[in-house]
Every structure is written in structure tokens, then in C-alpha cells.
1. Step through the residues of region 29-39 one at a time and calculate ³J(HN,Hα) from phi using the Karplus curve (6.51 cos²θ - 1.76 cosθ + 1.60, θ = phi - 60°), rounding each to whole Hz and writing x for Gly and Pro.
2. Of all trypsin sites (Lys or Arg not before Pro) in region 147-188, which ones are in loop regions per DSSP and have a Cβ with at most 13 other Cβ atoms within 10 Å?
3. With the Cα gyration tensor of region 1-160 giving a ≥ b ≥ c as the square roots of its eigenvalues, does the rule (a/c under 1.5 for rounded; else a/b larger than b/c for prolate; else oblate) give rounded, prolate or oblate?
4. When averaged across all projection directions, what area in nm² does the alpha-carbon convex hull of the chain cover?
5. GluC sites (Glu not before Pro), restricted to region 70-121: which are DSSP loop and have at most 12 other Cβ atoms within 10 Å?
6. Please turn the phi angles of region 275-285 into ³J(HN,Hα) values with the Karplus equation 6.51 cos²θ - 1.76 cosθ + 1.60 (θ = phi - 60°), one per residue in order, whole Hz, x for glycine and proline.
7. Most exposed first by the Cβ proxy, i.e. fewest other Cβ within 10 Å, how do 272, 46, 31, 200 rank?
8. Using +1 on the beta carbon of Lys and Arg, -1 on that of Asp and Glu, and nothing else charged, what's the dipole of the chain about the Cα centre, debye to 20?
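Read-outs: derived from the displayed coordinates by stated rules, not from any lab. Computed from a predicted model, the values in this text were never measured in an experiment. Note that each Cβ is placed from the backbone with ideal geometry, even for glycine, and that neighbours are counted across all protein chains shown.
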Amino acid sequence: MEKAPRMNPRLSVVIPAFNAEASIADAVRAVVTQPLPRDAFECFVVDDASSDHTAEAARRAGAVVICHPHNRGPGAARNTGVEAARGEWIVFTDADCVPSRRWLPALLAAAEAAPRTTLALAGKTVGLNSEAPAARFMDLIGALDAENYLRHEVMPWAPSCNLAFRRADLLAVGGFDLSFLHYETPELHLRLLDRFGGAVVCVPTALVMHRHRASWAGFWRQQTGYGLGYAHFLQRYADRWPWSLRCELAAWGRLVPTALRAVTGRADEGLVRRGMFLKQLAQRVGFSRAFFFSRFRNEPFPAPRSV
């Protein structure tokens with residue numbers, strides 16, 4: 001008797017990972033134990049040439065693991081997962097995240113109801129074990145809350161730690177731009193929006209818990225990276241959002257009242273004020289260094305590479 005044809009899953013979860021041995025098993029176990037029929041979804045971890053045992057830990061936890069021979073960045077890892085996936089919708093999360101029990105059922109219900117005008121689905125992200133001051137600060141400001149990002153009047157987008165796109169759409173635009181090591185998700189969102197239009201629909205019941213940076217040093221590195229990525233983005237799209245030295249000086253000037261507020265306030269209020277100053281300062285440092293030094297030395301960021 002002939003076997004019935006194998007049906008493709010509705011959802012494919014893709015997790016990029018680099019030196020994530022300590023956290024990847026928690027992420028994978030939270031995915032593979034979702035209360036859905038096992039043939040309704042699949043879980044990929046793309047190990048971006050880790051030097052630890054990330055791949056082994058992910059495989060033991062139940063993921064399909066794909067290994068890059070060389071480190072290529074999170075965008076490339078996500079693209080590799082998209083190419084291997086069979087699901088109609090690609091669901092991204094990160095190696096430092098732990099999805100909640102009803103995460104995939106909530107996203108699947110939203111995907112089943114989504115019209116073509118839905119460009120993406122964004123779940124809600126909160127902190128996990130945010131006890132250190134730097135991590136608590138991120139929780140207090142709702143640092144990865146998609147609804148906050150999507151309120152932006154000029155460039156709304158949602159973080160990739162809890163985000164779903166149609167696989168066909170991702171393939172149509174070539175996936176993540178590999179020249180972006182930071183800010184790759186809003187850049188992708190812009191190309192998808194230009195191609196297909198539509199809106200990102202928030203799914204607040206699709207909850208993911210994220211391990212924020214526990215140290216201020218790690219937080220500083222993260223935020224300077226965001227600034228660098230934003231500089232890359234504005235250089236790429238200078239025709240839409242022109243930026244000049246005058247604009248940059250004005251941005252630095254706006255840091256002054258933030259700095260003055262940072263020396264006041266107690267408890268959580270004081271933590272938020274100090275954290276906001278550090279966050280904005282780090283992003284400004286990363287942006288200025290990347291945007292102006294590369295421009296003045298006539299060293300533009302690399303052109304996009306095909307997937």
C-alpha cells in the first residue's frame with residue numbers, strides 16, 4: 001500500500017545560535033513541547049560556527065540542527081533556517097529566549113486567521129529572571145515589547161525574538177541582508193513592506209521570555225551595536241531619511257537633559273533615568289563612530305549580498 005504524502009508543517013521555528021550552550025536547550029525544549037500535533041510544526045537551530053557545544057545541546061533537546069562552517073552572523077543563520085524549513089510561516093525566536101507554553105498555538109491561530117494584508121505576526125516579549133540592575137531596567141522600559149516598537153511613527157517594526165513571516169515572502173525578498181550585523185530586522189521589514197504592504201499584527205498571548213543582558217558592560221556593547229546598525233541603515237536609505245552633521249549635533253544636544261535627569265530619582269525611577277541615559281549615549285557613540293568615520297574615510301558599508 002502506498003504511503004500517504006507527507007504534509008508540510010504549518011509553522012517552522014528558526015533559532016539562530018552562537019556560543020549559546022548555556023541557554024539553547026531551554027529554548028528548544030520550550031518549543032518542541034508546545035501543545036500542538038508534532039507534525040504541525042518543526043524546530044531548527046542554526047549553529048553559527050560556535051566554539052562551544054551549542055549544536056550538541058540543541059540536538060539533544062530535540063531540534064534539527066544545521067551548522068555553519070564559519071561564523072556569518074544572525075541574519076545568515078536565519079536565512080539558512082528559512083531555506084531548510086517547510087512551513088508556510090517562519091517563526092523566529094532567539095537562543096536566549098524561553099517561549100511560553102501556549103506560544104505556538106497562539107501564533108498558529110493568528111496565522112490561520114490572517115488575511116493577505118497581514119505582513120507579519122509579533123508576539124509579546126518580557127524579561128526572564130531580570131534581577132540584575134541592567135536586566136531590570138530593560139524590563140521596566142518594556143525593551144522588547146513589539147507594541148512599543150510598532151508605535152513608531154516613521155519606521156515601525158517588531159523584534160525578531162518573537163516574530164513570524166510567511167516563508168514565501170521572505171524568499172521573495174532574499175531574506176535578511178547579510179551585510180547587516182545589527183538592525184537587520186527593521187531593514188528586512190522595510191523591504192517586505194515595500195514589496196507586499198500590509199501590517200504587523202500583535203499577538204499578545206504569544207508570550208516569549210527573554211534573558212536581558214545582566215551586566216552594564218554587556219548592555220553597553222549591545223546598545224553600541226544597535227547604534228552601528230542604525231548608521232548602516234541610514235546610509236543605505238539616505239534618500240528616505242537623510243542625516244547630516246547638523247542632525248547629529250542636535251541628537252547629541254538632546255542627551256543633555258537626559259543626563260541631568262539621570263542624577264536624580266530613587267529606586268526604579270532612578271534606575272530608569274540612568275539606564276535611559278546610558279542606552280542613548282551608547283547608541284549615539286556607536287552611530288557617530290560608524291556613520292561619520294566611514295563616510296569621512298570614504299569607506300561605505302558593504303553592498304547587500306544575495307541569499
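1. Values, residue by residue: 4, 5, 7, 6, 9, 4, x, 9, x, 5, 7 Hz.
2. 151
3. Values: a/c = 1.66, a/b = 1.16, b/c = 1.44.
Oblate, since a/c reaches 1.5 and b/c is not below a/b.
4. Details: hull surface 71.0 nm².
Average projection, Cα convex hull of the chain: 17.7 nm².
5. Details: sites: 83, 88, 112; in loops: 88.
Loop-located and lightly packed - none at all.
6. So the Karplus estimates, Gly and Pro as x, are x, 5, 5, 4, 4, 5, 5, 4, 5, 5, 4 Hz.
7. Details: 272 17, 46 29, 31 26, 200 23.
Placing the least packed residue first, the sequence is 272, 200, 31, 46.
8. In debye, rounded to 20, the chain gives about 520.
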